[in-house]
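First the structure, in the form of structure tokens, and then the observations on it.
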Amino acid sequence: MSRYFTSVIVLLSLSLSLVAQGFGERHLLNDNWSFHLGDLKYGGREFLDHSDWRKVDLPHDWSVEGTASQELYSCTGYLPGGIAWYRKDLDIPADRKGQKVYVYFEGVYNNSEVFINGKWLGIRPNGYISFMYDLTPYINFGGRNAMAVRVDHSKEADSRWYTGSGIYRDVYLVYADQVHIDQWGISYSAEVEGDSAIINVETEIVNSNKEQGVETSVGLSQELFDESGDRVSDAFSKLSFSKKVRIAHNFEIENPKLWSLDSPYLYTWKTSLYDNGKIVDIVETKIGIRKLTFDADKGFALNDKPMKFKGVCIHHDAGCLGAAVPKEVWRRRLENLKSIGCNAIRMSHNPQATDVYDICDEIGLLVMDEAFDEWEYPKKKWLQGWNVGEPGFQGSANYFRQWCKQDLADMVRRDRNHPSIIMWSIGNEIDYPNDPYTHDVLDQEGIGQIHTAGYQKTQPHANRLGEIATELVEVVKQYDKSRPVTAALAGAVMSNYTRYPFVLDVVGYNYTENRYEIDHEKYPKRILYGSENRHDLNAWRSVTDNDFIMGQFLWTGIDYLGEAGRWPSRGFTTGLLDRAGNLKSSAYFRKSLWAEEPMAYIGTSRIGRRDRGPSMWVFPAWNYNEGDKVRVVCFTNCQEAELKLNGIIVGPRKPYDTEKAMIWWELDYMPGTLEVIAYNDGKQQAACKLETVGEPAAIKAVSDVDSFTAERQVAQVEIEIVDEQGRLVPFANNELKFEVSDNLRLLGSEDGSNDPRVNFKDNVHNCQGGRLLLYIQCKDLSSRGKVTITGAGFKDCLVEL
């Protein structure tokens, strides 16, 4: 056990969140790339006519543009991979000569190779890791420069979920002085003492001058500003060095405002580098100061406030957008999750785009950042449906041994300055029994997958888990000691016979709530939480009934592509949100468990011969046939509730059923207005109603933005089919067509359905459940844009942006 994390862990930390996580003068390099699907011999050479290649803007995911096919693989949503090339000509001005020129890729899936003017710069196998290359030695200053990127996702069944293919995150061109702040070169430590905070910020500076060994003298200014723009603290240092130096500044802040979930206060930190009296580099960052406590008996506390992780796991796709997800889309999804009481996000099972962490910083969400889903041996990848047939074994294990330490270090260095991040995870379900690691204890316990129960002598021994985990923990600690290192264990019974859980600071259990009390008693210093859990009530009660369990992360927060069932299926559908980012009925059930403010929600279901009783899966509608027997279910966190139909009580006031965590009534259907009223101590606290709606009569469309800006160039247009009174018709499934003006681009339409045969990229789509979401991108900020939505029997609907 690390000396930094015993049975009680107290973390006091400052966090820095960089735009694009870097230094220098940065320019987005996303526009007007040339794209060729398929491999080319010598595709990276300097002179290559690509005038007939397709023009694309980044971020770009070619897999989601492809056609889903039963002949492809269920693990990644039956969508294609392959090999492709990207090319772009760069004009680097002559007056930039003497500066450093870099290219920064936030993420390329996968096995990317980058060329500049025919020179090979390197390869990066991991598709989730950000990386940078120095272009300077090969640049034609004042002339044309040809950049080429080869992306090799030919092993397309290399993941258990949808990955996407291509340059699916932002790319930046970076100009910097020969002396500049290093990439991800700012780190910190902090300590709160009474009403003040002592903060130590370390800054790494590099000198790239050709005359190595010759010292240069620089000045370094550090300034801290509050949200009002007032300077809180500052410092200035002079130093001399030859190649690279790290310098620390200490600051004392009186009465600091702490970053919290309810008030995610962010300071602005400005770091300025001077060379010969001239500013040569500036980095402005957002700062959050907060205190974390991890206790083996009492669980987790933020700023000394005890709380449970009300968390969800998320993957990185967004339905029809694939892996190329704009920041605006992530913001809507994360805000919807927070609205139901969610307070924590697990980045499963890889680093996400920087935008996602920035939003969590801004709106107040805790984050578990995760690096790997497999280590040196591959896991099973289901090809014909989840847990169906014979699996494949492609995967990142092929390059793990060579790249794992650099990949992990780069994840920590890039992300360590986000206040939202509270834990580093080095792996997910690496210890799944017999997939691939095994141990003789499995014979004693009869544990293992179907057809492979018990100890499998021909498979790698689980003792290796502790050896690798020790190496990975050391990497994390090298770059950040302010947070605990964790992992999500799927086979705690087996792993407990190895060093694996004992080298971790905090231990996550996947789906093994029955081990909580057993292992807490056996290993009293182990700090525990549910790193992956089902939605059932007992899993949550295992958290609330045990102070020592820090919380849970549901699988999953949002429906995602991949891990699909038998054809036809797009992927997993257990999310609280569907692929359009809409709340499901299960989300409101979860809100009744997680939210602090009083709430009530009602849904309905017809009672049939095979009725299984009340559940979290209900229909938000009151349209049935006369004589139908209907169950009305209320999700609430109040003490009791009553049900009215057309103003008359039809469901007497009933207490909250603690066993089912809901209230319900059964009645004969009659049309009208159904309303539930929830009470605490006899006083009304919340209400919710459903109305019998008419037939589809009109199209209603609302955009989340009225106008585009340089910072916000994607609109999300929510479409509803409504009746004559403007009410959503939840049983509608009308086909709609949408046309956009020339200055707009339709990125896709999403209804949340799970049918891969639907074309989510064309301009015709059905409104499943009466709802549809359009993603509209602006191509020209100088003029107004129009979206026209039409459908048979409806008046045209116009949205102006």
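Which distance in nm do the two modelled labels at L28 and Y523 give, with both placed 7 Å along the Cα-to-Cβ direction?
Each label point is offset 7 Å from its Cα along the Cβ direction, giving 4.5 nm.
Roll a 1.4 Å probe over the protein heavy atoms and report the accessible area of L577 in Å², nearest 10.
It works out to around 0 Å².
In nm, give the distance between the simple-model label positions of D762 and K683, each being 7 Å from the Cα along the Cα-to-Cβ direction.
With each label placed 7 Å out from Cα toward Cβ, I get 5.8 nm.
For H765, H520, give me the order by solvent-accessible area with a 1.4 Å probe, most accessible first, ignoring ligands, DNA and RNA.
Final ranking, largest accessible area leading: H520, H765.
Along the Cα→Cβ direction, 7 angstrom out, place labels at Y42 and A710. What is the inter-label distance in nm?
Inter-label distance under the simple model: 4.1 nm.
Kindly identify the range 524-599 as rounded, prolate or oblate by the Cα gyration tensor criterion: order the square roots of the eigenvalues as a ≥ b ≥ c, call it rounded if a/c is under 1.5, otherwise compare a/b with b/c, prolate if a/b is larger, else oblate.
Judged from the Cα gyration tensor, the range 524-599 comes out oblate (a/c at least 1.5, b/c at or above a/b).
I'd like to compare 91-99, 153-161: which one has the highest average count of other Cβ atoms within 10 Å, and what's the full order after that?
Result, highest mean first: 153-161, 91-99.
Starting from 0.36 nm per residue, how many nanometres of slack lie between V388 and R54 once their C-alpha separation is accounted for?
Length gained between V388 and R54: 116.5 nm.
By its C-alpha gyration tensor, with a ≥ b ≥ c as the square roots of the eigenvalues, how is the range 670-801 shaped: rounded for a/c under 1.5, else prolate for a/b larger than b/c, else oblate?
The shape class here is prolate.
Pop out the carbon and sulfur fraction of the accessible area of the chain as a percent, whole number, probe 1.4 Å.
46 percent
With a 1.4 Å probe and all protein chains in place, put E335, E735 in order of accessible area, largest first.
E735, E335
Tell me, what is the FRET efficiency for Q70 and S196 to the nearest 0.05, using R0 = 41 angstrom and their Cβ-Cβ distance as r?
0.05
May I ask which of K457/K477; K327/K761; K298/K683 have a Cα-Cα span longer than 24 Å here?
Over 24 Å Cα-Cα: K457/K477; K298/K683.
Rounded, prolate or oblate: which one fits the range 98-145, using the alpha carbon gyration tensor with axes a ≥ b ≥ c (rounded when a/c is under 1.5, else prolate when a/b beats b/c, else oblate)?
Note, shape of the range 98-145 comes out prolate.
List the lysines whose alpha-carbon lies under 29 Å from that of K689, not counting same-chain residues fewer than 8 positions away?
K310, K338, K584, K591, K629, K644, K654, K660, K700, K795
Going by accessible area, probe 1.4 Å, with all protein chains left in place, what is the ranking of T458, T574, largest first?
T458, T574
Give the distance, in whole Å, between the Cα centre of the range 335-366 and the Cα centre of the range 145-183.
23 Å
Which value, in Å² and to the nearest 10, is the accessible area of T271 when all protein chains are kept and the probe is 1.4 Å?
0 Å²
Of the GluC sites (Glu not before Pro) in the range 612-678, which ones lie in a loop per DSSP and count no more than 12 other C-beta atoms within 10 Å?
Answer in residue order: E626, E659.
Under 19 Å Cα-Cα from K305, which aspartates and glutamates qualify once same-chain neighbours fewer than 8 residues away are excluded?
In chain and number order, the partners are E191, E193, D195, D262, D295, D297, D361, D545, D547, E596, E597.
Quick check: convex hull over the Cα atoms of the chain, volume per residue in Å³, rounded to an integer?
Each residue corresponds to 184 Å³ of Cα convex hull volume.
Just to confirm, what accessible area per residue do you get for the range 42-184 at 1.4 Å probe, in whole Å²?
33 Å²
If you average the alpha carbon positions of the range 653-731 and of the range 434-488, how far apart do those two centres end up, in angstrom?
Going from one Cα centre to the other spans 46 Å.
Under a 1.4 Å probe, what is the accessible area of the range 445-519 per residue, stated in Å²?
Here the per-residue accessible area is 40 Å².
In square angstrom, rounded to the nearest 10, how much accessible surface does F619 have for a 1.4 Å probe?
In the full protein context, F619 sits at about 80 Å².
The values are calculated or read from the model by the stated rules, or taken from the named source; none is laboratory data. From a predicted model like this one, the values you see are computed outputs, not experimental measurements. Cβ sites come from the backbone with ideal geometry, for glycine too, and all protein chains shown count toward neighbours. We work out accessible area using only protein heavy atoms, side chains counted, and drop any ligands, DNA or RNA first. Shrake-Rupley method; radii C 1.70, N 1.55, O 1.52, S 1.80 Å.
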